Amino acid sequence: MSVVATLVLGADGSSTKNGSSEALSTAEDRERFLLRRKNFDVLVIGANTARNERYLNTPVPLVVISHSRPEILDLNDNAHWFNCTPREGLSKARLQFGDQIGIEAGWRMVKELLEDGAIDEFELSVSPVTDGENLVDLDYVLRKFDTVSKFVVNETTFFSCSRYNGHT
């Protein structure tokens, strides 16, 4: 079983710019993101991500955790709606779709799952973009994991973070 969260940040810690993460992403980040998501049994996002990002076509089932019915259900035949907490949504997604879960939600949901100890791995990219919104403290995220590797491709810094088994 593995729950992997993915997040892109701007150099100033912003997790969105003009309401979306798309403006923060570099070509290198986008390439790694698209390759990685094919390895999951299911992708999980929240309501804001469903409203503000492009999820019209996904290579695996897409679960939207929201208290109201998301419009994406009418646009993506692979989309499913779970009206529950993020933690409950992960359990339900695991039972329904499989153990390899990709979290592509916004910072609010990711932070909640991170604080619950529900994320096993974190793939984080930091682009040179600034002047966005929804700031994230990168050091806070990195301190949550036992193992952190870092590498740079062009102007994008990538962090791969993981916990040891049993670590909460």
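A compact table of results
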| read-out | value |
| --- | --- |
| Test: residue in the range 35-51 that is touching a Phe, Trp or Tyr at 6+ places or on another chain (Cβ under 7 Å), among the charged types (D, E, K, R) and either closer than 20 Å to PHE122 by Cβ or buried (at least 19 other Cβ atoms within 10 Å of the Cβ) (or both) | yes |
| Condition broken by ARG94, with the remaining ones in (1) at pLDDT 95 or above; (2) over 29 Å from PHE82 (Cα atoms); (3) surrounded by fewer than 19 Cβ atoms within 10 Å (Cβ to Cβ); (4) not polar (S, T, N, Q) satisfied | (2) |
| Some residue of the range 43-63 being in contact with a Lys or Arg (Cβ under 8 Å, 6 or more places away or on another chain), within 20 Å of PHE97 (Cα to Cα), among the aliphatic types (A, V, I, L, M) and in a loop (DSSP other than H, G, I, E, B) | yes |
| Qualifying positions in the range 17-42 - assigned to a loop (DSSP other than H, G, I, E, B), of a type in the set (D, E, K, R) and in contact with a strand residue (DSSP E or B) (Cβ under 7 Å, 6 or more places away or on another chain) | ASP41 |
| Residue within the range 125-139 that is closer than 25 Å to LYS38 by Cβ, without any contact (Cβ under 8 Å) to a residue 12 or more places away in the chain and of a type in the set (Asp, Glu) present | no |
| Helices (runs of 4 or more DSSP H) wholly inside the range 82-168 containing at least 1 residues that are hydroxyl-bearing (Ser, Thr, Tyr) | 86-97, 138-143 |
| Residue list for the range 14-51, filter: of a type outside the set (A, V, I, L, M), in contact with a helix residue (DSSP H, G or I) (Cβ under 6 Å, 6 or more places away or on another chain) and either at positive phi or touching a residue at least 60 places away in the same chain (Cβ under 8 Å) (or both) | SER15, LYS17, GLY19, ASP41, GLY46 |
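The values are calculated or read from the model by the stated rules, or taken from the named source; none is laboratory data. What you see is a predicted model; the values in this text were computed from it and never measured. Every residue, glycine as well, gets a Cβ built from its backbone with ideal geometry; the counts of neighbours run over all protein chains shown.
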